[in-house]
1. Which order do 49, 121 fall in if you start with the one that has the fewest other Cβ atoms within 10 Å?
2. Let's test this: bin the Cα-Cα distances of region 3-140 at 10 Å from zero up to the farthest pair and state each bin's percent.
3. Please rank 58, 131, fewest neighbouring Cβ atoms within 10 Å first, as an exposure proxy.
4. If I take R0 = 22 Å and measure r between the Cβ atoms of residue 112 and residue 54 in this structure, what FRET efficiency does the formula 1/(1 + (r/R0)^6) give, to the nearest 0.05?
5. Distance in nm between label sites at residue 139 and residue 31, each 7 Å beyond Cα in the beta-carbon direction?
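No lab work stands behind these numbers, since they all come straight from the coordinates. Worth saying up front: this structure is predicted, and the values here are computed from it rather than measured. FYI the Cβ positions are ideal-geometry reconstructions off the backbone, even for glycines, and counts take in every protein chain you see.
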C-alpha cells in the first residue's frame, strides 16, 4: 500500500468516526460537564469555599495520585476510539483489571507520605491513558 492510499484511508476513517452519533453524543456530554464544573468552581471561589480544583490538586499532590491515573484512563476511553473488530479483551475483564489497578495505586498513595514531583504525575497520566486504551477502549463501527 502506498503512503498516499494509507493517508486517504486514514482520513476517511477519521471523518467517519467524527460523524458517529456516539462520538457526537459523548462530545456534548463532556462539554456540558466541563462547562458545569467551571461554573461551579467559579461559584465556590466567589463564595470563599474550597474549589473543586484546589481540593483535587491538594489531594493528588499529597496522597491521592490515583486521581491523575484516573484522568488518563478517562481521557483514553473518551477520546481515543478503536474499531469494533479490533482485538480487545472482554469489557468486563478490562474494567475489573482497571478497578484493581486503581485500588493498588490508591493503597500505594496511602502509604507514601511524600508529595510526588510533577513529572511523576505526568507518568501516571500517561500510564492511565495507555491502560485505559488497552483495557477499556471505546469501540465504534467502521
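1. With the sparsest Cβ surroundings first, the list reads 49, 121.
2. 11, 29, 33, 20, 6, 1
3. Starting with the residue having the fewest Cβ neighbours, the order is 58, 131.
4. The formula returns an efficiency of 0.55 here.
5. 2.8 nm
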